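Working notes for the structure below.
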Amino acid sequence: ARNFYVTLQQVIRSVLIIIFPIAFITLFAWATAGSTNGTTSDPMRAAVWLWLGSHLTPFNITSNEVSGYLSYLPLGAVVLPWLTMRLGYKRVLEVVENKKVSRAYFIIAYLLIYLLLTLISSNSQVSTDLFRGLGILFILLLTATTDLKVENSIKLPIQIFLIMLGIAGILFSISLMLNFSTAKNLTIVLNPGILGGLLLLLLQLLYLPNIIFTTLSYILGSGFSLGKATEISPFIFNLREIPAIPVLAGLPSDKNIWFLLPTLMIAIYGWINLTLIFKLNIDTKSKRQLILRFFVVSIAGVMIISFITSGSLISSNMSPVGVNPLRIGAVVTAHLLLVL
């Protein structure tokens, strides 16, 4: 009982470290918005929603103005709760001095607080998708409470994948700079004000991991969607209206066949890793197992990331948004099989 009480205290601290600053921001924004109705419970509930959203928890939204499903959430926002989980778990471990007990109690306590906050913040207009939310939260808790040791067999694929993401980020940055005037005009149209401008900038920074992976999918040829019946890739350009978000000024304006050249990155990625596997001084059966593991990690990895970084933006017109997991998985599979 004492161990669980200590763990629960640390979990509450880990949660409040994030909720308190968010609550201050939402209260300040609410107080300066000049609303003639509503109560102080509204910004506090919004703070809890933002906390849940930072755990990639999807929302079902039903109101007179708009109804839909919100699952396209910023991947960059996960970093802060994941770090607080990891630091909180380490402090619990220092007191309890038992890894299995500390981990089990921390996960249980965090899940209980999560469920309590979900219950408190839900109303007739906004509710969470608990099935998907609990699944993502459980994965976050498992990784945060585990000693992360990357095996040598998957360390190189991860490093090359990060280099590919870096190249995609550079290309997107160049595109955004070339269309800076459009981004500026979008910001002027929004007229967010000083506080709103800072929050808009923060939100766009948190969405950068989603955008960079989407750019990678584009230059690999699998493309992405930005709403219903849309398709954007180097050889297909079918786009309707877009949200007035400044960072979207970096979107391509037409088909760009020459952007298929970076697709060779997958072939280079496969050739480097498979060559190193074939050069290992081990038996044939072990080589086949390593090749199979390499294929599974590569294909499943991009599909999982595409699932996490994609989703729906409330309205039916803005669903789906992001990368299609099956399509990018098929592209990576075809290239790796060709190299093999």
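The values are calculated or read from the model by the stated rules, or taken from the named source; none is laboratory data. In this text the structure is predicted, and so the values were computed from the model without any measurement. Positions of Cβ are backbone-derived with ideal geometry, glycine not excepted, and every protein chain shown enters the neighbour counts. Surface accessibility is based on the protein's heavy atoms, side chains included, excluding ligands, DNA and RNA. Shrake-Rupley method; radii C 1.70, N 1.55, O 1.52, S 1.80 Å.
Quick rundown of the values:
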| read-out | value |
| --- | --- |
| Single condition S225 does not satisfy, out of (1) within 19 Å of I314 (Cβ to Cβ); (2) at pLDDT 85 or above; (3) small (G, A, S); (4) open to solvent by 40 Å² or more (accessible area, probe 1.4 Å) | (4) |
| Criterion: assigned to a helix (DSSP H, G or I), of a type in the set (S, T, Y) and open to solvent by 30 Å² or more (accessible area, probe 1.4 Å) - qualifying residue of T84, T143 | T143 |
| Complete set of residues in segment 315-340 that are within 14 Å of I305 (Cα to Cα) and in a helix (DSSP H, G or I) | P325, L326, R327, I328, G329, V332 |
| Residue in segment 280-301 that is surrounded by the fewest Cβ atoms within 10 Å (Cβ to Cβ), counting only those that are of a type in the set (S, T, N, Q) and more than 11 Å from P157 (Cβ to Cβ) | N281 |
| Hey, I163 open to solvent by 70 Å² or more (accessible area, probe 1.4 Å) and closer than 19 Å to P252 by Cα or not | no |
| Condition check for L274: in contact (Cβ under 8 Å) with a residue 24 or more places away in the chain, farther than 30 Å from R240 by Cβ and in contact with a Ser or Thr (Cβ under 7 Å, 6 or more places away or on another chain) | no |
| E151 vs. criteria without any contact (Cβ under 8 Å) to a residue 12 or more places away in the chain, closer than 27 Å to I268 by Cα, open to solvent by 20 Å² or more (accessible area, probe 1.4 Å) and in contact with a strand residue (DSSP E or B) (Cβ under 6 Å, 6 or more places away or on another chain) | no |
| Pick from segment 257-279, criterion polar (S, T, N, Q) and surrounded by 15 or more Cβ atoms within 10 Å (Cβ to Cβ), ranking: modelled with the highest pLDDT | N273 |
| Cβ-Cβ under 6 Å pairs, at least 6 apart or on other chains, segment 329-340 side without any contact (Cβ under 8 Å) to a residue 40 or more places away in the chain, far side buried (at least 16 other Cβ atoms within 10 Å of the Cβ) | G329/I299; G329/M303; T333/I299 |
| Segment 215-274, subset part of a helix (DSSP H, G or I) and either of a type in the set (K, R) or touching a His at 6+ places or on another chain (Cβ under 7 Å) (or both), residue nearest to F161 (Cα to Cα) | I266 |
| Tally, over segment 47-66, of residues that are over 17 Å from the mean Cα position of the chain (by Cα) and more than 17 Å from I19 (Cβ to Cβ) | 7 |
| From the options S312, S316, residue that is touching a residue at least 40 places away in the same chain (Cβ under 8 Å), under 26 Å from the mean Cα position of the chain (by Cα) and open to solvent by 60 Å² or more (accessible area, probe 1.4 Å) | S316 |
| Selected residue (criterion: surrounded by the most Cβ atoms within 10 Å (Cβ to Cβ)) from residues of segment 166-196 that are of a type in the set (A, V, I, L, M) and closer than 25 Å to T32 by Cα | L186 |
| Hits in segment 67-102 - residues which are among the small types (G, A, S) and either modelled with pLDDT under 90 or under 18 Å from L16 (Cβ atoms) (or both) | S67, G68, A77, G88 |
| Residue within segment 103-111 that is open to solvent by 70 Å² or more (accessible area, probe 1.4 Å) and modelled with pLDDT under 90 present | no |
